[in-house]
1. Which ones in segment 160-186 are surrounded by 15 or more Cβ atoms within 10 Å (Cβ to Cβ) and not hydrophobic (A, V, I, L, M, F, W, C)?
2. Quick one: in segment 75-107, of everything that is over 28 Å from Lys168 (Cα atoms) and acidic (Asp, Glu), which residue is surrounded by the most Cβ atoms within 10 Å (Cβ to Cβ)?
3. Just give me the residues in segment 210-235 being farther than 13 Å from Val192 by Cα, not in a helix (DSSP H, G or I) and not aliphatic (A, V, I, L, M), in sequence order.
4. Can you pull out every residue in segment 150-185 that is within 21 Å of the chain's Cα centre (by Cα), in a loop (DSSP other than H, G, I, E, B) and not β-branched (Val, Ile, Thr)?
5. Is it the case that Asp203 is within 20 Å of the chain's Cα centre (by Cα) and among the acidic types (Asp, Glu)?
6. Output the number of residues of segment 46-77 satisfying the condition of being within 14 Å of the chain's Cα centre (by Cα), farther than 22 Å from Leu115 by Cβ and either at pLDDT below 90 or not hydrophobic (A, V, I, L, M, F, W, C) (or both).
7. Look through segment 156-185, keep the residues that are in contact with a helix residue (DSSP H, G or I) (Cβ under 9 Å, 6 or more places away or on another chain) and of a type in the set (Lys, Arg), and return whichever of them is nearest to Leu215 (Cα to Cα).
Amino acid sequence: MTNDQRLRTAFLQKQRHLLAALEIVPELTAHGTTIGDDSEANWVRVLREFLPARYGVAAGHVMDAIGNTSEQIDLLIYDSQYSPLLAQTSAGDLFVPAEAIYAAFEVKQEMNKTLMDYAGNKIASVRRLRRTSVPIPHADGTYDPKPPVDIIGGMVTTRNGWADLEGKAAAQQILSLTGDRRIDLGCALRAVSFDRPDDSGADTPEYSDEETTLLFFLFRLFRRLQRLGTVAAIDINAYTNQLNLSVEPLPLDDPTHTKDETG
């Protein structure tokens, strides 16, 4: 077996394990919340295993510096290296600053028009939050404030509810969600995954084959994350000012300051 065959075999095995895990709980209960919570936990586990440690993965809410809060998001991919967490519930859900967010995903059992509209609205509740950015000091001066990243939006499911996820009706639905409601990536594990083209004039998404839905989704997600680079440096004073606090910038000769810090 060649190295590329080994890699393909390993990811196909991971895909089979995920499918098996996603199907265990529905066999035991019809309780929707229980099934949903289990699906979210399995997707969180898969993304944590695949993505580098710089990316945090969790369910939760996103907050901005003026107190606005997103809807509850099933899967958040956020900066775990430079950005602080605002709070965490006993169930593990996080409250993450808006500046830290790379991606927001909705987890459902089935992909269809109604649920895709719903996912687009939830993703929009994250993208519409106010995000700050400040200059970053380094040994030779400062880097200019970086524009906030273009947050990736997506939806992951076990099944496909359309007659054909690659058909005209599904493609039109994917492309009809624009602006803050845009869905960039989708994965229906038992059907196909899709990657929405960056070209706004394109008339169809790119699709996986039926055998490699998870591989396609994970690698397309990682490629999009690579393109984003690092999130903008958070203006922590914008948050602490709400509490009548002030945090002074770190002096360049402070021994705790590292030259390669980027956020």
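The values are calculated or read from the model by the stated rules, or taken from the named source; none is laboratory data. What you see is a predicted model; the values in this text were computed from it and never measured. Glycine gets a Cβ as well: all are built from the backbone with ideal geometry, and neighbour counts include every protein chain shown.
1. To start, the set of residues in segment 160-186 that are surrounded by 15 or more Cβ atoms within 10 Å (Cβ to Cβ) comprises 160-162, 165-166, 170-171, 173-175, 177, 180-186.
Once the filter is applied, which keeps residues that are surrounded by 15 or more Cβ atoms within 10 Å (Cβ to Cβ) and not hydrophobic (A, V, I, L, M, F, W, C), segment 160-186 yields Asn160, Gly161, Glu166, Gln173, Asp180, Arg181, Arg182, Asp184, Gly186.
2. Among those residues, the one meeting the criterion is Glu99.
3. Gly229, Thr230, Asp235 - these are the residues of segment 210-235 that are farther than 13 Å from Val192 by Cα, not in a helix (DSSP H, G or I) and not aliphatic (A, V, I, L, M).
4. Taking segment 150-185 and keeping what is within 21 Å of the chain's Cα centre (by Cα), we get 150-160, 173-185.
Checking the rest, the ones that are also in a loop (DSSP other than H, G, I, E, B) come to 150-151, 158, 177-178, 182-184.
Within segment 150-185, Asp150, Leu177, Arg182, Asp184 qualify.
5. Details: within 20 Å of the chain's Cα centre (by Cα): no; among the acidic types (Asp, Glu): yes.
When the stated conditions are applied, Asp203 does not pass them.
6. Looking only at that region, the number is 6.
7. Applying the filter and picking the extreme gives Arg182.
Residue-by-condition table, conditions (1) surrounded by fewer than 21 Cβ atoms within 10 Å (Cβ to Cβ); (2) within 20 Å of Ala104 (Cβ to Cβ):
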site: Thr204; (1), (2): yes, no
site: Ser208; (1), (2): no, no
site: Phe216; (1), (2): no, yes
site: Arg227; (1), (2): yes, yes
site: Ile234; (1), (2): no, yes
site: Thr240; (1), (2): yes, no
